[in-house]
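Worksheet: the structure to be examined is printed underneath.
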Amino acid sequence: MAANPKPPMESSSGHSHVYHAKAHVLTGELHHPIKQPIEHYGEVVLEKTTSDTHIAQRVHETSIEGLISFRSGHTRVIGTLVENKKDIFGADHAAHVTLATAVVEGFNVLDILTADRIVAQVSTEHPLKQGSVPKVTLLGTRFENLRIAGYPVEVKLDLEICGDKPGGDSPYLTEKAFLGRVERQLKSPKGVPKGLAKHFNDRLTSIDMLKKHANGRAKAKQNGYPKVQCSIVKSIGPIPIPGVKTFGNVIFIPNFGRVALGELEVGMERVSGNGFSQKGEPQYSHYFTLNMLDMTLGCPVGGNGKGPGVSSNGQNGPG
């Protein structure tokens, strides 16, 4: 479901903006014992939308071949202009605001991984006064009663992993403090097995490349634009089940597979066809994509699944 593109709308202050956002409850694919795609349940999309928009969808009780189920889910995306807003401290929050939310309730995978409620939520604020880089907020994101084989999983989240909006309208991808936090996070897991090392090493390689450009604008790579892949998970408490191990935000469960919690991707993508002038420098949209569960299932059920997941970004026009 997507809003129809419209000509860029200007605020009374002369600023224009294009909203982009997505949300879904669950998606993926089963490989065995049956082969079946998992549709984008509850997917809602804001795409090249320039007017105030609110799209919501609710998904009722769902069972995927009795292997993965949830009691209910809902999603929403919002794009809106807030022209006059100051908090109690007098800080100005006038901005084009985009909010993406995805929620799943009564989640169950093979009666092993369960949760009462999981919420993914990302909000971006593009200031009216200047710049194209937004402030990002993950407030509302959480796990409620996440369990493995009935044992509670204590997950501490770092909803401030992105930090404050970089100064001088610099991208997050060249912000030294942000890159440093992610690098420390990726280096912290101990005893990572060979089969999981690539998960962390590839991300560290990207950080090393971005740090080289931390004094200027992030550079495009041959196969796309740079991105940071990290997690909003600060720590996972002990899980008293034989063979279950944690490595950073990843939980390995014997005879089940592995689950990465709170996967966050921060990146830039070149945009075109949004109604703004394409003269001068290339135009970029700064995006933030969050998946609360990224599951790789092994035995006896093979497949993968992601969700609930959200993505929020957007682009200011001239003005």
Based on the alpha-carbon gyration tensor of the stretch 13-123, what equivalent-ellipsoid semi-axes (square roots of 5 times the eigenvalues) come out, in whole Å, largest first? 36, 16, 9
What order do you get for 239-245, 73-79, 300-306 when each peptide is scored by the mean count of other beta carbon atoms within 10 Å, highest first? 73-79, 300-306, 239-245
Roughly how big is the chain's charge dipole about its Cα centre, with Cβ charges of +1 (Lys, Arg) and -1 (Asp, Glu), in debye to the nearest 20? 960
Roughly how many whole Å is it from the C-alpha centroid of the stretch 290-304 to that of the stretch 25-43? 10
In deg cm²/dmol, rounded to 500, what helix-only [θ] at 222 nm does the chain give when every DSSP H run of at least 4 residues adds -39500 (n - 2.57) and the total is split over its residues? -3000 deg cm²/dmol
Given Cα pairs under 8 Å that are at least 6 residues apart, what percent is the relative contact order of the stretch 9-316? 19
Along the charge dipole of the chain, pointing to its positive end and built from +1/-1 on Cβ of Lys, Arg, Asp and Glu, which listed residue (Gln185, Leu128, Asn145) has its Cα farthest out? Gln185
Tell me, Ile207, Ile88, Ile118 in order of fewest to most beta-carbon neighbours within 10 Å? Ile88, Ile207, Ile118
Given a cut-off of under 8 Å on Cα pairs at least six residues apart, what relative contact order in percent is computed for the stretch 17-116? 26
Starting with the fewest neighbours, write out Thr62, Thr124, Thr296 ranked by other beta-carbon atoms found within 10 Å of each beta-carbon. Thr296, Thr62, Thr124
Of Gly28, Ile64, Leu210, which is farthest towards the positive pole of the stretch 9-316's charge dipole, taken about the Cα centre with +1 and -1 on the beta-carbons of Lys, Arg and Asp, Glu respectively? Leu210
Cα-based Rg / Dmax (Å) for the stretch 9-316: 19.9, 62
Fewest Cβ neighbours within 10 Å first, please rank Asp169, Asp52 accordingly. Asp169, Asp52
Counting only Cα atoms, I'd like the Rg/Rh figure for the stretch 58-203, Kirkwood definition for Rh. 1.04
Sorted by packing (mean other beta-carbon atoms within 10 Å per residue), highest first, where do 193-201, 170-178 land? 170-178, 193-201
What is the distance in Å between the Cα centres of the stretch 88-121 and the stretch 123-191? 14
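Just so you know, all these numbers are worked out from the coordinates, no wet-lab data involved. Bear in mind the structure is a predicted one, so any value in this text is a computation, not a measurement. Ideal geometry is used to build each Cβ from the backbone, glycine not excepted, and the neighbour counts take in all protein chains shown.
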